[in-house]
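Shown next, in structure tokens, is the structure this report addresses.
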């Protein structure tokens, strides 16, 4: 998860307090609780920095100078280091940190694109597994930088991760039995299911057609023809997004795609534990 501007302000406040504590120690060597507290603070920054680099995609200035400073601070806690020396290493966080890092992050968070991305992720909160959530988070990041076609592809990938996971849960034999039952039903969409559809490994499932999965899904999860048609339209949009052409979805299209994906996949096909 990307740290928020509030997280950074709180971290800055703790840095100021540490600097004040170190100023009172002057040239005393670091020992005991203050040494342990500084080490925890340095590790916290390195975790925060990793999250910022992952979630802000170049919208912030380089954090290398801050990473180097905190790496040196962490190293200093392993040696006999004077408080004044450690205090000097914290200088980048005391001189302009608010203007250089916190304020740009506040602006980043306040942009309409970022607000839409957070809303997209929150839409699936509590409804997706950790694996599925990775696809949703990546879709939100893509949408935030106006890569809406990529966002649609990733949302469909999240949906198929749910289908594939549930097929593995019920077993390939159960899926094959449902496929055999569906294949003998006359008319669309059953007559479009691959003849003799049978899978025995995850690899075969992953190489198979998404259409077959959602068509056979009517037999397994008992959603009706109208729900299938909605899923088929979602698959069609995914295909349009993934291949060259004039398809140009907007952020609103991505949101509507996400809403339908949640309604017709994540609210119907299996449930994560505790949801």
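Every read-out reported here was derived from the displayed coordinates using simple, explicitly stated rules and does not represent laboratory data. Remember, it's a predicted structure, so these values are computed and weren't measured experimentally. When we count neighbours, we look across all protein chains shown, and the Cβ atoms used for this are built from the backbone with ideal geometry, even at glycine.
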* **Debye-sum result for the range 129-171 in log10 I(q)/I(0), which assumes one identical scatterer on each alpha carbon, at q = 0.23, 0.24, 0.27, 0.29 Å⁻¹** => -0.68, -0.71, -0.82, -0.89
* To do: Run the numbers on the chain and let me know its relative contact order in percent, using alpha-carbon pairs under 8 Å that are six or more apart.
  => 19 percent
* **Kirkwood-type radius of the range 66-165, with distances r between different C-alpha atoms, in Å** => 16.6 Å
* Tell me the Kirkwood hydrodynamic radius of the range 174-239 in angstroms, computed as one over the mean inverse distance between distinct C-alpha pairs. => 12.1 Å
* To do: Please report 169, 31, 255, 141 as a ranked list, fewest other C-beta atoms within 10 angstrom at the top and most at the bottom.
  => 169, 31, 255, 141
* To do: Taking the Cβ of each residue in 243, 41, 12 as the centre, tally the other Cβ atoms inside 10 Å and list the residues starting with the fewest.
  => 243, 12, 41
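Stretched out fully, how many nm does the piece from residue 145 to residue 256 gain, at 0.36 nm a residue minus the Cα gap?
Value of the extension gain: 38.2 nm.
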* Structure fact -> Note to self: C-alpha centroids of the range 143-202 and the range 215-232 sit apart, in Å, by 10 Å
* Asked: Using the beta-carbon distance between residue 4 and residue 224 and R0 = 30 Å, what value does 1/(1 + (r/R0)^6) give for FRET efficiency, to the nearest 0.05?
  -> 0.10
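Could you list the square roots of 5 times each eigenvalue of the Cα gyration tensor of the range 151-275, that is, the equivalent ellipsoid semi-axes, sorted largest first and rounded to whole Å?
Over the Cα atoms of the range 151-275, the semi-axes work out to 24, 17, 14 Å.
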* Going by how many other beta carbons lie within 10 Å of each one, how would you line up 223, 257, fewest first? -> 223, 257
* Express the relative contact order of the range 112-266 as a whole percentage, based on alpha carbon pairs under 8 Å and six or more residues apart in sequence. => 29 percent
* Full-extension gain in nm, residue 98 to residue 172, via 0.36 nm per residue minus C-alpha separation -> 21.1 nm
* To do: For helix 148-170, report the angle its Cα long axis makes with the longest principal axis of the Cα atoms of the chain; keep it between 0 and 90° and round to the nearest 10°.
  => 70 degrees
* **Coordinate range along principal axes, alpha carbons of the range 5-110, Å, largest first** => 43, 21, 19
* Using the Cα gyration tensor of the chain, with a ≥ b ≥ c the square roots of its eigenvalues, what is the shape: rounded (a/c below 1.5), prolate (a/b larger than b/c) or oblate (neither)? -> prolate
